[in-house]
Every structure is written in C-alpha cells, then in structure tokens.
1. Got a number for residues in the range 91-107 being farther than 30 Å from Gly128 by Cα and surrounded by 13 or more Cβ atoms within 10 Å (Cβ to Cβ)?
2. Which count do you get for residues in the range 89-113 that are over 15 Å from the mean Cα position of the chain (by Cα) and either of a type in the set (Lys, Arg) or in a helix (DSSP H, G or I) (or both)?
3. From the list Ala79, Ala65, pick out the single residue that is under 14 Å from the mean Cα position of the chain (by Cα), at pLDDT below 95 and crowded, with 17+ Cβ neighbours inside 10 Å.
4. Return only the number of the condition from (1) more than 25 Å from Val137 (Cβ to Cβ); (2) part of a loop (DSSP other than H, G, I, E, B); (3) among the hydrophobic types (A, V, I, L, M, F, W, C) that Leu56 does not satisfy.
5. For the range 9-40, how many residues meet the condition of being under 14 Å from the mean Cα position of the chain (by Cα), assigned to a helix (DSSP H, G or I) and basic (Lys, Arg)?
6. Failed condition for Arg86, given (1) part of a helix (DSSP H, G or I); (2) in contact (Cβ under 8 Å) with a residue 40 or more places away in the chain; (3) more than 29 Å from Gly3 (Cβ to Cβ), with all others met?
7. State whether the residues of the range 146-169 include one that is modelled with pLDDT under 95, under 23 Å from Ala92 (Cα atoms), in a loop (DSSP other than H, G, I, E, B) and among the small types (Gly, Ala, Ser).
8. For the condition within 21 Å of Glu114 (Cβ to Cβ), touching a His at 6+ places or on another chain (Cβ under 8 Å) and of a type in the set (Phe, Trp, Tyr), what is the one hit in Phe62, Phe54?
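The values are calculated or read from the model by the stated rules, or taken from the named source; none is laboratory data. Computed from a predicted model, the values in this text were never measured in an experiment. Cβ sites come from the backbone with ideal geometry, for glycine too, and all protein chains shown count toward neighbours.
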Amino acid sequence: MLGLSALGTVHTAFALVAVVCGYAMIFRSGRIGADLSFGKAYIVCTAITCLTGFGLFRHGGFNIAHGLGALTLVVLGVAVAAGRSREVSRLAIYVETLGYSLTLFFHMIPGMTETFTRLPVGSPWFSGPEDPKLQQVIGLILLAFLVLMAWQVRRIWKTPASGHRTFAA
C-alpha cells in the first residue's frame, strides 16, 4: 500500500487515530487534554507513533523526522506532567494546553511530507522533504498553529482562577 512497510502501516494507522482525536478535541473543546474524551487515545497513539517512527528509514538513516519524534515524546511527557499539576498551578494549564497543541503541530510535519510525496500516486504534489512548496505549506500550518496557541493563551488568561479546572471542558 503506497510503498509502506508493515511497520509503516502500523505507524500511519496510529498517527491517523492521534490526529483525528487531536483535531476532534481542538474543534470541540478548544484544547487537547487527558481529562477530555479522546485525550488518552491521543496521548497513547502519539507516543506509539513516535516509537514506531524510530524503526522507519525511508529517507536513509536517523534523520530530522526521528529527531522530531524524540522531541515530540519530550513535549508529550512535559504536557502529561503539567496536566497532573493543573489543580495546583495555573502555569501548568498553559504548559499542558500549549504542549499538546505543539505535539499536534509536530504530527503535521512528517504527515504532510509523507502523504504528499506519495500522493496522488504517480504524480505526487511534492518531490521530497526539501521541496520549497512543501516548506511553504508547513510554514502556513505553523502560522495556523501559532494563531491557535495565541487563542488558547487568551482563553486561559480570561478564565477566572477559580474556574481553571473546567477550562474548555
């Protein structure tokens, strides 16, 4: 299937579940969190996606995508830890919310790269990870995520401290 190995297929399946859960929570609740529906699925599928990605070498040996996977695991761990502290620290709410949003953005970089260097079959939209058009698309996605994260910060800021436990839930 589109040149995917068995591990690549599993990796892609978990990534798709994570992305669908992530966007569903963003559109429904304005944030991703372990306390929300689909939150635990997002976290687990994102972690599995990163771990399975370490076994994929379509573009040679260890590359920037593997580094992004490691960074994603670190940010995911920080966001999970912050989520456990959100009851006692308002700063933890910011760290958790922005951390999960950042991991969703991180999903988009290899997702866009791998999808559109393979599709449409026979005439992919982009020639490879270094294609300037692909880099422009990723730049636009980054801009959209920065706007999303600014909106999330504003929303947290406007939520009274007494109500931070139920922010966007």
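1. Total satisfying the criteria: 6.
2. Initial filter on the range 89-113 (over 15 Å from the mean Cα position of the chain (by Cα)): 89-94.
After this cut, where a residue has to be either of a type in the set (Lys, Arg) or in a helix (DSSP H, G or I) (or both) as well, the list is 90-94.
The total comes to 5.
3. Ala65
4. (1)
5. Total satisfying the criteria: 1.
6. The failed condition is (1).
7. yes
8. Numbers: Phe62 fails: touching a His at 6+ places or on another chain (Cβ under 8 Å).
Among Phe62, Phe54, only Phe54 is within 21 Å of Glu114 (Cβ to Cβ), touching a His at 6+ places or on another chain (Cβ under 8 Å) and of a type in the set (Phe, Trp, Tyr).
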